[in-house]
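Here the structure comes first, spelled out in structure tokens, and everything after it is commentary.
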Amino acid sequence: MKNFSLIITLMLSIFLIHSCSKQPYVIENAVMRLPAGAGTNSAVFFTFKNQSDQDIQILSASSPLNAKLEIHNVSMKNNMMHMHPVDNIKIKSNSEQQFKSGSFHIMVMGIKDSLIENDKVLITLTLDNNQTTTFEATVQNMTSTHSMKH
């Protein structure tokens, strides 16, 4: 009987550890377009998964990179694509948002650091629930199908 109680306690502990370890926010496939050189711009693309049971808003982005970061979107006006900053992006509970060319993305402006392909850049997103989430974006020399159009 003592062993049975121990097994039950152990199983409950494993279940609790597993259920508590689920991350509320997951960032996948994070890449940053290789900038053309110092003083130029770039963009960060990724998938943000909100695995929580609460809607959240991404309010801003920051990085130790020597550059200015803004959340941008692309819209059509007079049959032309226009890129513009946005105040926030709402992501519903248990859903995901793609940050990609021609849509939402993190704009990185006036880069003063020298970056090469496969460098890792830390990006921190500030959320409306007073939380932040940090991820690593890999610098890539992206093909024209993935590059930003300015």
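The values are calculated or read from the model by the stated rules, or taken from the named source; none is laboratory data. Note that the coordinates shown come from a computational prediction; the quantities given were computed from them, not determined experimentally. Methodologically, a virtual Cβ is constructed for each residue, glycine included, from the backbone with ideal geometry; neighbour enumeration extends over all protein chains shown.
Between a residue in the range 80-104 that is over 26 Å from GLN23 (Cα atoms) and any residue that is assigned to a strand (DSSP E or B) and acidic (Asp, Glu), which pairs come within a Cβ distance under 6 Å, given they are 6 or more apart or on different chains?
Close Cβ pairs satisfying both conditions: PRO85/GLU70.
Going by what's in this entry, would SER60 be described as modelled with pLDDT of 85 or more and part of a strand (DSSP E or B)?
Considered against the rule, which asks whether it is modelled with pLDDT of 85 or more and part of a strand (DSSP E or B), SER60 comes out as yes.
Check LEU65, LEU69, LEU125 and return the single one that is farther than 16 Å from ASN29 by Cβ, in contact (Cβ under 8 Å) with a residue 40 or more places away in the chain, not acidic (Asp, Glu) and not in a loop (DSSP other than H, G, I, E, B).
It is LEU69.
Among residues belonging to the range 77-122 that are over 20 Å from SER60 (Cβ atoms) and hydroxyl-bearing (Ser, Thr, Tyr), point out the one that is farthest from the chain's Cα centre (by Cα).
Ranking the candidates gives SER114 first.
Would you point out which residue out of SER75, SER114, SER63 is of a type in the set (Ser, Thr, Tyr) and over 18 Å from VAL139 (Cα atoms)? So that I can check it myself, show each step before the final result.
Details: SER114 fails: over 18 Å from VAL139 (Cα atoms); SER63 fails: over 18 Å from VAL139 (Cα atoms).
The conditions single out SER75.
Restricting to the range 83-108, name every residue that is of a type outside the set (Val, Ile, Thr) and in a loop (DSSP other than H, G, I, E, B). Step through it out loud before you land on a result.
If we filter the range 83-108 for residues that are of a type outside the set (Val, Ile, Thr), which is where we start, we get 83-85, 87-88, 90, 92-105, 107.
Once the filter is applied, which keeps residues that are of a type outside the set (Val, Ile, Thr) and in a loop (DSSP other than H, G, I, E, B), the range 83-108 yields ASP87, ASN88, LYS92, SER93, ASN94, LYS100, SER101, GLY102, SER103, PHE104.
Per-residue answers, yes or no, for (1) under 30 Å from GLN23 (Cβ atoms); (2) surrounded by 13 or more Cβ atoms within 10 Å (Cβ to Cβ):
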{"site": "ALA38", "(1), (2)": "no, no"}
{"site": "VAL44", "(1), (2)": "yes, yes"}
{"site": "THR47", "(1), (2)": "yes, yes"}
{"site": "GLN51", "(1), (2)": "yes, yes"}
{"site": "GLN57", "(1), (2)": "yes, yes"}
{"site": "SER60", "(1), (2)": "yes, yes"}
{"site": "PRO64", "(1), (2)": "yes, no"}
{"site": "LYS77", "(1), (2)": "no, no"}
